[in-house]
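Student: Pasting in a structure now, in structure tokens, and then I'll have a few things to ask.
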Amino acid sequence: MFHKTLALCTIGATFLALSTAYAHDGATGVIKERMDLMKIIGKNTKMIAPMATGGADLDMKAVAAGATAISQAAKQVASKFPEGSLSEESEAKPNIWTDWAKFSGLIESLAADSAVLAMSASKGDESAILPAFGKMTGNCKTCHTEFRQKKK
Ligand code: HEC
């Protein structure tokens, strides 16, 4: 009995995950464009993380390139949040537009802080990498907590 319930739960969870992925993939227009920019930001952050935190050898060129990609994506992303652009697929919260100054300020901080990280890496300033990475990722956390509703 217990196992049967467990199995049903697992199937239910799998189905939910699949349907979420489908809805997510169905995003179009400006919502898809900002998701793609966030994916670039996410991919590069993941690439840099183990190097910044000492779990992998520090490749300054890779860090500089990744942080530059984040900064460039961040500079484009504000224009991908036109007022009220919500959809079934989107994880954006409506308070983005009632608290736009804070939201756009966090985007600007992300662009600036990732540029600082890129600069530190270009200069080969090893001791600056972890603090710069921490400052940059602080923006992700703050913004996602306040302005993103995960649909998973
Ligand atoms: C100013 C706010 C803000 C900042 C800063 C921010 N994000 Fe996001 N992020 C969002 C919002 C809002 C969404 C949801 C967009 C949607 O679904 O319409 C999102 C979505 C994402 C996604 C999911 C993309 C997808 O596939 O739909 C990833 C990954 C992500 N962010 C990574 C990051 C990382 C990593 C950082 C920091 C380096 C970061 N974000 C900084 C607001 C932000």
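No value in this document is a laboratory result; all are computed from the given coordinates. Bear in mind that the values here come from a model prediction, so they are computed numbers and not experimental data.
Student: Using the Kirkwood radius built from alpha carbon pairs, what does the Stokes-Einstein equation give as D for the stretch 29-147 at 20 °C and 1.002 mPa s, in µm² per second?
Tutor: Once the numbers are plugged in, D ends up at 147 µm²/s.
Student: With 24 Å as the limit, write out which pairs from 61/102; 93/141; 39/150; 61/150; 102/123; 43/135 have Cα-Cα distances beyond it, or answer none.
Tutor: Check vs 24 Å cut-off fails for 61/102; 61/150; 102/123.
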